[in-house]
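J.: Supplied in structure tokens, the structure appears directly below.
The values are calculated or read from the model by the stated rules, or taken from the named source; none is laboratory data. What you see is a predicted model, and the numbers here were worked out from it, not measured in a lab. When we count neighbours, we look across all protein chains shown, and the Cβ atoms used for this are built from the backbone with ideal geometry, even at glycine. Surface areas here come from the heavy atoms of the whole protein model, side chains and all, with no ligands, DNA or RNA. Shrake-Rupley method; radii C 1.70, N 1.55, O 1.52, S 1.80 Å.
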Amino acid sequence: MQVTETLNSGLKREIKVTVPAGDMEAKLIARLNDIKDKARINGFRPGKVPLQHLRKLYGKSFMAEVVNDILSNQTRHIIAERGEKAAMQPEVTMTEDEKEAEKILAGDADLEFQLAYEVIPAIELKAFSDIAVTRQVFDVPDSEIDEQVKRVAESARTYEAKDGKAAEGDRVTIDYVGKIGGEAFAGGAGEGQPLVLGSKEFIPGFEDQLIGVKAGEEKQVTVTFPENYGAPNLAGKEATFDVTVKEVEKPGPLEINDDTAKALGLESLERLREIVRGQIESQFGQMTRQKVKRQLLDQLDAAYRFEAPSKLVEAEFTNIWNQVNRDLQAAGRTFADEDTTEDEAREEYTKLAERRVRLGLVLAEIGEKAAVTVADDEVQRALFDTVRRFPADQQQQAFEFYRSNPDAITSIRAPLFEEKVIDHLLGQISVTDTKVSKEELMADDEEAEAKPAKKAAPKKAKKADDAAGDEAKAEAPKKKAAPKKKAADSE
């Protein structure tokens with residue numbers, strides 16, 4: 001096999017590979033000999049079929065298998081022998097001339113093909129001792145636990161029918177249809193919806209207008225959606241809701257004791273508090289980790305500035321760009337609505353794709369040098385967690401998809417590997433803990449710092465910025481249950 005380099009420019013490589021016809025013939029004969037004793041052909045005893053007869057019957061198909069084996073399997077060895085790592089599967093080109101192809105299959109011509117690929121650049125790791133991050137820590141006070149336990153107890157609270165007008169704290173069950181300009185809008189209707197008056201579950205003004213209603217009463221509620229409402233097509237618009245009150249119920253006593261915990265399937269109030277504390281601390285702990293991770297990645301990004309393989313960048317950009325456009329379409333918005341243009345957004349997301357690819361390569365190199373591995377059982381647990389997010393009737397299909405698709409399994413393994421590398425790095429760098437308030441911990445770093453580089457990016461996609469791309473993606477605004485208060489309205 002003769003390998004000749006025809007292009008070496010930056011990360012781009014092109015090589016010409018020639019496999020002599022004699023070598024191809026030897027591989028073909030080896031395959032024919034392998035089936036000689038197994039072949040069952042009329043007119044010949046087992047093991048007595050002449051090689052030339054086998055060649056006449058199977059020569060072309062077996063030679064095609066030899067060619068495919070070389071193209072699919074030998075290319076990796078060719079690149080490895082050159083001491084290179086291909087960023088993506090090499091592009092393979094060979095003759096399209098039918099007569100030339102027939103000669104190759106007949107064993108009368110050398111096999112020639114070209115490989116075009118980009119190499120992963122060599123990354124010389126730097127000392128981690130110069131990296132320093134500040135870890136914001138929020139000590140969850142008992143009052144936070146008390147408040148959440150109270151909410152849990154509220155969910156287990158009993159209600160009984162009330163003969164009279166609804167007051168704040170009462171629960172009403174309603175049917176409703178929302179209209180804008182006299183026309184019903186998608187997601188603006190509901191039936192049998194329970195609502196505790198004063199819970200602030202619905203948008204401002206909705207619950208207030210139901211105080212004083214009775215069971216069986218019909219009422220028209222007029223409200224204005226907040227300017228920052230999660231569904232932009234409704235934000236700032238006035239709407240009317242035709243409401244039918246099905247039931248009015250008054251709350252039973254709010255008890256927070258062991259019996260309350262037992263009604264929730266727990267053995268005691270103390271156990272309930274333990275679970276609530278664990279959940280809250282886990283949520284704030286995730287916020288802390290994300291902020292530390294962002295600081296770490298920012299410093300790695302600044303320390304490693306090298307050319308990223310363009311094919312990887314293109315693939316990452318495509319993923320980001322498709323997500324951005326899905327979000328804009330779901331929200332009924334355009335780039336102009338986000339104070340940018342498509343060209344400006346493309347430029348921003350190209351930079352983001354480059355950052356992700358570079359950081360992904362750096363983290364991969366760090367992980368390889370540190371012998372970081374992800375066990376199969378860890379991947380299996382993550383796979384089950386992923387599949388559980390699908391509707392019950394789709395879980396088996398999703399499971400089979402992941403199990404039979406190597407790229408899909410890689411998408412499960414990659415985030416696990418990345419988090420392990422981050423853990424490794426946190427043990428190598430300087431980490432300083434600082435106590436902060438809940439508001440400080442929850443503050444958006446990007447908004448607080450007002451980074452100019454991010455101003456042109458569509459708002460809903462700003463969160464999609466870290467590492468090799470597994471971090472929080474932009475989420476499409478949800479449009480259902482229109483009168484309900486969205487997360488954007490809760491602060």
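J.: Compare E201, E249 by solvent-accessible area with a 1.4 Å probe and give them largest first, with all protein chains kept in place. All intermediate terms of the calculation are to be shown ahead of the outcome.
T.: Working: E201 70, E249 25 Å².
Largest to smallest exposure gives the sequence E201, E249.
J.: Please work out how much accessible surface M94 shows to a 1.4 Å probe, ignoring ligands, DNA and RNA, in Å² rounded to 10.
T.: 70
J.: Per-residue HN-Hα couplings for segment 301-306, Karplus 6.51 cos²θ - 1.76 cosθ + 1.60 at θ = phi - 60°, whole Hz, x for Gly and Pro?
T.: Karplus values, whole Hz, x for Gly and Pro: 4, 6, 7, 10, 10, 9.
J.: Among S268, S282, what's the order by accessible area (1.4 angstrom probe), most exposed first?
T.: The ranking, largest first, comes out as S282, S268.
J.: Can you pull the one-decimal nm distance between simple spin-label points at K126 and E267, each 7 Å off the Cα toward Cβ?
T.: 5.4
J.: Let me ask you something else. Using only protein heavy atoms and a 1.4 Å probe, report how much of T373 is accessible, in Å² to the nearest 10.
T.: The accessible area of T373 comes to roughly 100 Å².
J.: Additional query: How much length would be gained if the chain were fully extended between T341 and N233, taking 0.36 nm per residue of separation minus their Cα-Cα distance, in nm to one decimal?
T.: 36.9 nm
J.: Just the number, please: carbon plus sulfur as a percent of the accessible area of segment 1-150, 1.4 Å probe, no ligands or DNA/RNA counted.
T.: Answer for segment 1-150: carbon and sulfur cover 47 percent of the accessible area.
J.: Lys pairs in segment 280-421, Cα-Cα under 18 Å, at least 8 apart or on separate chains: how many?
T.: 4
J.: Something else now. How big is the accessible area of R171 in square angstrom, nearest 10, if you roll a 1.4 angstrom probe over the protein chains?
T.: Rounded to the nearest 10, the figure is 70 Å².
J.: Using a 1.4 Å probe and counting only protein heavy atoms, arrange T288, T410, T222 so the residue with the most accessible area comes first.
T.: T410, T222, T288
J.: If you don't mind, there's one more thing I want to ask. Please go through segment 285-364 and write out the GluC sites (Glu not before Pro) that DSSP classes as loop and that have at most 16 other C-beta atoms within 10 Å.
T.: For GluC sites (Glu not before Pro) across segment 285-364 that sit outside H, G, I, E and B with at most 16 neighbouring Cβ atoms in 10 Å, the list reads E307.
J.: Can you list the GluC sites (Glu not before Pro) in segment 44-106 that are in a DSSP coil and have 12 or fewer other beta carbons within 10 angstrom?
T.: Here the GluC sites (Glu not before Pro) that fit, given the DSSP loop and packing criteria, are E96.
J.: Normalising by the residue count of the chain, find the relative contact order in percent from Cα pairs under 8 Å and 6+ residues apart.
T.: Once divided by the residue count of the chain, the mean separation gives 18 percent.
J.: Of V357, V248, A315, which is farthest along the charge dipole of segment 223-360 in the positive direction, counting Lys and Arg as +1 and Asp and Glu as -1 at C-beta?
T.: Checked the options; the winner is V357.
J.: I would also like to ask the following. If you count only protein heavy atoms with a 1.4 Å probe, what accessible area per residue comes out for segment 295-409, rounded to a whole Å²?
T.: 55
J.: When ligands, DNA and RNA are left out and all protein chains stay put, how many square angstrom of accessible area per residue does segment 142-293 have with a 1.4 Å probe?
T.: For segment 142-293, the solvent-accessible area averages 54 Å² per residue.
J.: Could you tell me what percent of the accessible area of segment 256-369 is made up of carbon and sulfur, with a 1.4 Å probe and every protein chain present?
T.: Exposed carbon and sulfur together represent 46 percent of the surface.
J.: Could you please report the charge total around E118, scoring K, R as +1 and D, E as -1 over all other residues with beta-carbon less than 9 angstrom from its beta-carbon?
T.: Summing Lys and Arg as +1 and Asp and Glu as -1 gives +3.
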